[in-house]
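Student: Sharing a structure with you now.
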Amino acid sequence: MQLSLCQFDTDAKAILAIFNHAILHTTALYEYKPRTLDTMQQWFANKAAGNFPVWGLKNNEGELLAFGSYGTFRAFPAFKYSVEHSVYVHPDHQGKGYGSLMLQQLIKSAEQQGYHLLIGGIDASNSGSIALHQKHGFVHSGTITQAGFKFGRYLDLAFYQLTLKTPLEPVDG
């Protein structure tokens, strides 16, 4: 297995397939319609513009098993040390520890980039993701009830956060 940075040219289709499975079959994404390759191109461009990495875990045959990234939490200057992250595991490879590997990599990467807070917005019924985050030290920081509506029901959005020791010398401005 290999952890590496993902690129649009080599990884967008595999990431798109994982995203679209989550959109169509789960409440991990509060979206209704599958994404397109064009939306993936913009997604990668936004990540690159913000200097936000997209990490992937591939098997020896080059198949993408899981990916994760983070990005802007809120677009106001005082939130510059906070990022919202996401981790997705291919549906055929869930429950094998790959989500844990991805989350560890995101934590390490965020620390190296000098962020202070990792935030995960998780559907409150997603006990697997909640357990994964708690295993890595994330704490529940609030729930917005009935924040979304999908599959004929209202969904509660729970927030989990991990406070990092970085940056060493935060500054205003």
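Please treat every number below as a calculation from the coordinates, not as lab data. A quick note: this is a predicted structure, and the numbers were derived from the prediction, not measured. Note that each Cβ is placed from the backbone with ideal geometry, even for glycine, and that neighbours are counted across all protein chains shown.
Student: Pairs only if they're at least six apart or on different chains, beta carbon under 6 angstrom, first in the stretch 14-28 and without any contact (Cβ under 8 Å) to a residue 60 or more places away in the chain, second assigned to a helix (DSSP H, G or I); list them, first residue then second.
Tutor: Leu16/Met40
Student: Would you point out the residue of the stretch 132-167, among those that are assigned to a loop (DSSP other than H, G, I, E, B) and without any contact (Cβ under 8 Å) to a residue 40 or more places away in the chain, that is surrounded by the most Cβ atoms within 10 Å (Cβ to Cβ)?
Tutor: Start the filter on the stretch 132-167 by keeping residues that are assigned to a loop (DSSP other than H, G, I, E, B), which leaves 136-138, 151-152, 164-167.
Remaining after also requiring without any contact (Cβ under 8 Å) to a residue 40 or more places away in the chain: 136-138, 152.
Values: His136: 16, Gly137: 13, Phe138: 22, Gly152: 5.
Among them, the one singled out is Phe138.
Student: Can we say Ser69 is in contact with a Cys (Cβ under 9 Å, 6 or more places away or on another chain) and of a type in the set (Ser, Thr, Tyr)?
Tutor: On the way: in contact with a Cys (Cβ under 9 Å, 6 or more places away or on another chain): yes; of a type in the set (Ser, Thr, Tyr): yes.
Yes, satisfied.
Student: Kindly indicate whether any position in the stretch 108-131 is in contact with a His (Cβ under 9 Å, 6 or more places away or on another chain), surrounded by 16 or more Cβ atoms within 10 Å (Cβ to Cβ) and outside any strand (DSSP E or B).
Tutor: Looking through the stretch 108-131, at least one residue is in contact with a His (Cβ under 9 Å, 6 or more places away or on another chain), surrounded by 16 or more Cβ atoms within 10 Å (Cβ to Cβ) and outside any strand (DSSP E or B).
Student: For the stretch 103-131, what are the residues that are touching a Leu at 6+ places or on another chain (Cβ under 6 Å) and in contact (Cβ under 8 Å) with a residue 60 or more places away in the chain?
Tutor: Gln105, Asp123
Student: Need the failing condition index for Tyr88 against (1) aromatic (Phe, Trp, Tyr); (2) within 13 Å of the chain's Cα centre (by Cα); (3) over 21 Å from Gly56 (Cβ atoms), just the number.
Tutor: (3) is the only condition that Tyr88 fails.
Student: Here is a list: Gln94, Gln112. Which entry is farther than 26 Å from Lys13 by Cβ and polar (S, T, N, Q)?
Tutor: Values: Gln94 fails: farther than 26 Å from Lys13 by Cβ.
Of the residues listed, the single one that is farther than 26 Å from Lys13 by Cβ and polar (S, T, N, Q) is Gln112.
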